[in-house]
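Readers should treat all values here as calculations from the given coordinates under stated rules, not as data from a laboratory. Since the model is a prediction, treat every value here as computed from it, not as a measurement. No Cβ is skipped: glycine too gets one built from the backbone with ideal geometry, and neighbour counts run over all protein chains shown.
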Amino acid sequence: MPRAFTEPSSVQLQCLIAVVDAGSFAAAGRRLGMTPSGVSKTIARLEDAQGVRLLHRSTHNLALTDAGEQVIEAVRAVAESLDHLRSSLTLASEDDARGRVRLTAPVAFARSQLLPLLADFRAAHPQVVLDVRATDEMVDLADAGIDVALRAGEISGVPGHLRQKWFDFDWVACATPAYLGVHGAPQTPTGLEEHTTIGFRNRGTGLVEPWWFAAEQGSSKSDRYGFECSIILDDAESVWHAVTLGMGIAWVPSWMASADLANGEVVEVLAEWRAMRSPMTILRRDTPQVPGRVKELIAFLKSRAATLME
C-alpha cells in the first residue's frame, strides 16, 4: 500500500535546493543562515516523512539519489511558486495601504468643504489615489464600486451598508448686506413672504425643499414654513451664487455659508429662529475586509469633524 503523502515545508524544500546547489551542508547553511547540522536534520526529516532517500551522504561528497534526481525539478518549481506567492501576498499587503479609494459626496459639499480636506489627506498619504464622484443622488455603493459615501440629512437603513455620523450642521437663512440695505431684514419667518426668496428643488423628489425655523423665537422645536419661493434652482451651488449676487434670501447648510459669513460677504437673518440641524453621515459597504486605505480616509475625515462644525 502506497505511503500517505506528507506535504513538505517550505524550509525543507529550500534546504534541499541549497544543498544541491552549494554542494555541502556548510555552504547551504551559510546561504540560509542555518547551522550545517540544522540543514542536515531538516533534510533528514523531509526524507523520513516521505519515506524516500534523496541524498547520498559521504564524508567528502553529497549527491542526489535516483529518487532525488526524479524530484529535484519539481521541488524547484514548488519552491519558486511559494516565493511568488510570498511576494504576491507581500505586495497585496502593501497595496492595502495604497491604491484607489472611490468616494462620493454632494456636489456643493465636495467642492467647498471636501476638496480642501482631501488636499491635506493626500499630503499625508501620497500613495492613495482619490477617485471622487460628486453627485447629489444616493447611489448603491456596491453597484457603483464606491468605497465611501458622504451624505447629508437623515438616512434610513440601507441594506448592505454601514453608517456612522460624521458631524451635525445647522441651516441658516442668509442674504448680502446690499440686499438687506434695500429691502430690510425679516423679523420673523412669516416675514419672508415679503422678500425675494431663493428655493432649492430636490432633483430626486422634484419638490422644492421647505424651510424650517423654530416654532417660536428661541424655541428648540422646529416648524415647517411653506411659501412660494421667488426663484427656484435645482443646484445648491447656483442657489448660493444667487445669494452672493444679492438676488434674495436663501436657506442653506451652515457649511455652505461659513466662509462668506466669516468675511462679511453675507449676513445671517432670523438667527434667533435658527432650529434645524442635520447630520452628515459616512457610509461604507458592509464587508468583512476593509482596505487599510479606506480605514485611513475614514479616520482622517472623522478627525476633522470639529472643523466642519465651527
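Numbers for the structure displayed
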quantity	calculated
Relative exposure of PHE167, PHE200, PHE213, judged by other C-beta atoms within 10 Å (fewest first)	PHE167, PHE200, PHE213
Candidate values (1) 33.8, 108; (2) 18.7, 56; (3) 20.6, 61, label of the one derived for Rg and Dmax of the Cα atoms in Å	(1)
10 Å Cβ shell holding at most 13 others, DSSP loop, trypsin sites (Lys or Arg not before Pro): longest site-free stretch of the chain	4-202
Residue exposure sequence - HIS195, HIS241, HIS84 - by fewest surrounding Cβ within 10 Å	HIS84, HIS241, HIS195
Environment charge of GLY226, counting only residues whose C-beta is closer than 13 Å and scoring Lys/Arg +1, Asp/Glu -1	-3
Difference of contour (0.36 nm per residue) and Cα-Cα distance, VAL208 to VAL71	41.6 nm
DSSP beta bridge pairing in the chain, given as percent antiparallel to the nearest 5	65
Average Cα contact separation per residue, the chain, under 8 Å, 6 or more apart, as relative contact order %	21
